[in-house]
1. Restricting attention to region 289-299, which residues are open to solvent by less than 30 Å² (accessible area, probe 1.4 Å) and either in a loop (DSSP other than H, G, I, E, B) or within 16 Å of ligand 2 (Cβ to nearest atom) (or both)?
2. Going by the conditions given, is A34 at pLDDT 95 or above and either aliphatic (A, V, I, L, M) or within 16 Å of ligand 2 (Cβ to nearest atom) (or both)?
3. In region 306-330, what count of residues is obtained for those that are polar (S, T, N, Q) and either within 16 Å of ligand 4 (Cβ to nearest atom) or surrounded by fewer than 16 Cβ atoms within 10 Å (Cβ to Cβ) (or both)?
4. What pairs can you find where one residue is in region 371-384 and within 16 Å of T403 (Cβ to Cβ), the other is part of a loop (DSSP other than H, G, I, E, B), and their Cβ atoms are less than 8 Å apart, with a gap of 6+ or different chains?
5. What residue, of S247, S191, S229, is open to solvent by less than 20 Å² (accessible area, probe 1.4 Å) and free of Cβ contacts under 8 Å to residues at least 40 places away in the same chain?
6. Pull out all pairs, ordered by first then second residue, where Cβ-Cβ is under 7 Å, the residues are six or more apart or on different chains, the first lies in region 80-92 and is without any contact (Cβ under 8 Å) to a residue 24 or more places away in the chain, and the second is hydrophobic (A, V, I, L, M, F, W, C) and surrounded by 11 or more Cβ atoms within 10 Å (Cβ to Cβ).
7. Output the number of the condition that D302 fails; it satisfies all remaining conditions of (1) surrounded by 15 or more Cβ atoms within 10 Å (Cβ to Cβ); (2) free of Cβ contacts under 8 Å to residues at least 12 places away in the same chain.
8. Which of the residues spanning region 340-359 are open to solvent by 20 Å² or more (accessible area, probe 1.4 Å) and in contact with an Asp or Glu (Cβ under 6 Å, 6 or more places away or on another chain)?
Amino acid sequence: MRDNRIKRGFIYRLTNRYAPPKAMLAVAFLVSLASCPAPAAAERPFGSLDRDQSAYALGSFAMNIIFVESNGVVDTNQENWTPEQLTNMHVEIGQTAAYWESLTAAYHPNAQLDITVNYVNGGVPLETRYEPINRPGVSSSPLWMNDVMDTLGYSNANSNTNTRDFNNAQRDLLGTHWAATVYVVNDAVDSNHKFTDNYFAFSIYGGPYVVTTYNNNGWGVDRYDRVLSHELGHVFFALDEYYSSGSRTTDRSGYLNGSNGNAERNGVGARVTPPQPDALMLNITLDPSEFTSVQVGHVDTDNDTIPDILDTIPNFFGSDAASDADAGIFSFSGSGSVRPKANLNPKVWAESGARMTINTIDGGSYNLDGLGWIDFPAADGAWGDYSESIELDLLGLDVGLHTIDLRITNSVGNHSAVDSYELFVTPEPGTLGIVCLGLLGCLRRRRKTNRPT
Ligand SMILES: [Ca+2]
Ligand SMILES: [Ca+2]
Ligand SMILES: [Ca+2]
Ligand SMILES: [Ca+2]
C-alpha cells in the first residue's frame, strides 16, 4: 500500500527543451533502487480464498512432505523408517519436483512453476498410533493424519481442515502462492505394498493432500517419482485417463475447463484407444497428454511464453487533473491492478471458483513527446503488488504543447492500455500570453483505450 503521508512520485526537472536528461535519470534511478526494499516473497494468489491452494500448476508451490511413522500405541508397530529409505525418498521427491518444474521451463520466468520441497519437521518422521499400511487407505487416513496434525498444532476433528490450515500456514511462511501436503506411508514390510482397501496412492482434486506409499504396490521405490507426479497432477486438477478409473473423454476439469480426450473410456463409458497411449495420467509415463496439460493450466495459445491463464493486461486508471500548465508541471495520479482471467473449473466443490492470478503490477513508464518509453518508480517504493498507486510528476516542462503517454506493465511483461494526455505549458505572463486562451483551452486530456502498444 502506498504511504499517503509522503508523496514519493518520481520528480525531476527537465533541463533541455526536448531531450530528457539521461545522466540525471540514471542517478535518480540508482537512488530509487538503493532505497527499495528487497523483492517480497510471493503472496497468496490475487482473488484466492483459503481453500484455493493449487488452482493451476504455475507460480510458486510449497510441497510439504510428511513421513508418517507408526509408534505401536494402538496398532502393532510393523513399519519403521530407516535412514536409507528416507534418503531414497528424498531422491525420488526431488525428481518429481524437477519433472513438474520442467513442464513450464519454456514459460516467462514469472509464470513458471517453482516448487519448494518442504520437509516438515526437518524430514524427521512424525508419529501416529496406527500402522497406516495395515488399514484401509482412504477411510483410515483421517486417523493417522490427525495424529500427525495434532503434533504440528492442528487439532480440528476434520483432517482435511487440518491439512488445509497447515498448507495455508506453510505457504504464508515460505512465501509461495500455493501449497499441498504429501503424506508418505512406509510399506517396506507389507507383503503387497498396498493399503487393505487396495489403494497405494490417492489424493484430492485441488488438494489439500496426496497420500503415497514407499513401494507403490508393484511400481517399486524407483518409480515413486512417477507415482507422486501422477498424484500431483490431481492436486492441480488433472483427471485420470486409465480405464479402471472410470474417467471418460467427456469429463472436464481445471481452471481452463479442459476436456479429457486421452481417457480410455468414451462418453458412454466404452473402452477406446487413447491418442497418446503413454501418458502421466494414464500409465504414469512422465509425459502429460495435451489434455492433461490444459487441465493443469499449461497452455499458451498464442505461443508468446505467457500461459493463457496469466496472459492478461492490467487495469490502469487515473487523472492528470493536478497538472499545472502555468508552472510547467504534469501531475498524474491513478492506480493499476491485475486482471484475473475467468475461472472455468467445473470442480467448484474442490475450490472456490474465484478468478485468481499470480500476476503483479511490476512497472510503469511514460513517453514524453514521443521520445521513447522511460520507466518510473513505484509510488510506494516497490513494484510487485497486485494493485499499485501510480504517481508521476514531470516538472519544468518547457513552454509549448507536450504529449505524455503513460502505461503500466504486469509481471509477465504485458502492458496496459496507454493513457494519453496533452499539456500546453503557458508562457510567463506578458511574454507570449496570446498563445493560450485560458486554462481550459490549454490543458486537455484524451484517453486512448485499447491502443496498440
Ligand atoms: Ca513404526
Ligand atoms: Ca498390504
Ligand atoms: Ca500466451
Ligand atoms: Ca508496491
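1. If we filter region 289-299 for residues that are open to solvent by less than 30 Å² (accessible area, probe 1.4 Å), which is where we start, we get 289, 292-293, 295-298.
Selection gives S289, V296, G297, H298.
2. Against the criterion (at pLDDT 95 or above and either aliphatic (A, V, I, L, M) or within 16 Å of ligand 2 (Cβ to nearest atom) (or both)), A34 does not qualify.
3. Residues of region 306-330 that are polar (S, T, N, Q), as a first pass: 312, 315, 319, 323.
Pick out the ones that are also either within 16 Å of ligand 4 (Cβ to nearest atom) or surrounded by fewer than 16 Cβ atoms within 10 Å (Cβ to Cβ) (or both) and you get 315, 319.
The total comes to 2.
4. L371/Y18; L371/A19; L371/P20; I374/P20
5. S247
6. Filtered contacts from region 80-92: no entries.
7. D302 satisfies every listed condition except (1).
8. S352
The values are calculated or read from the model by the stated rules, or taken from the named source; none is laboratory data. It should be emphasised that the depicted structure is a prediction, and the values quoted were computed from it without experimental measurement. Here Cβ is always computed from backbone atoms with ideal geometry, including for glycine, and neighbour counts include all displayed protein chains. These accessible areas exclude ligands, DNA and RNA; they are computed on the full protein's heavy atoms, side chains included. Shrake-Rupley method; radii C 1.70, N 1.55, O 1.52, S 1.80 Å.
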